[in-house]
Amino acid sequence: MANSRHLKRNSMPTSWPVQRKTITFIGRPKSGSHKREYVVSALILLRDVLNYAHTTKEAKYVVNEQELLVNGRKITDVKAPVGMFDVIEIPAMKEKYVLLFNEHGRVKLVSSKDSVVTLKVSGKSKTKGGKFQLNFMNGYNVLVDEKTFNGLSVEDSVEYDFTKKSVSKSLPLKEGASVYVFDGKYQGSLGVVKSFIAYNGVTRDTVQVEIDGTVQTTAKDYCYVIADSKRFA
């Protein structure tokens, strides 16, 4: 029986930019906040995407000696998961990136200059202590003020400044909003919301999105609101 800490290469998500015919097994990312289809390990990121390392040993050196930061937090294990819209930084290289997926579902890194991560709201709740909490698609939970809480709905997004540890901007899913389509037929596309089609629970609600000058229809829950599509192009 295969070690549960590893995956056979032909069973790994297609988003991982790793050749499937070299060796049998590849390290499985540790459990984290992201769903597996939207995540890569720090090892794959450093070795196969950024080419900052050629071997696992070299990747461990980068993590231990040069530092790898994800959303401002230091990563200490090459199997640590790095997911969609995470902000990646290696201070020694003076570079920052946001992790996305392209139209083929493969990892795509977009250069970034700030300390803001875009988070998609997946739930809202009021704690026993009367505080207002937002739950995000990547597993984060953040306390916010009542005005911010009431102004957001599930499927909206926020910009979260991880240095100040606060929401810096609300991004509602509405007509005219810029979105990144992260799954489905138009995965990896950037567009602008034109209209909504609600099915009242009979089937998934859909959104009409203008992509490259043509209006396409995709599932509402595949739309990830972003502040500016030019930033992620």
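Laboratory data are not the source of any read-out in this text; all were calculated from the coordinates shown. If you're wondering where the values come from, they're calculated on a predicted model, not measured in any experiment. Reconstructed Cβ throughout: ideal geometry from the backbone, glycine too, with neighbour counts over all protein chains shown.
Observations on the model:
- Among the listed pairs Lys108/Lys185; Lys113/Lys174; Lys94/Lys220; Lys60/Lys94; Lys74/Lys128; Lys126/Lys165, those whose Cα-Cα separation exceeds 25 Å are Lys113/Lys174; Lys94/Lys220; Lys74/Lys128.
- Counted charge near Gly123, where neighbours are those whose Cβ lies closer than 13 Å (Asp, Glu -1; Lys, Arg +1): 0
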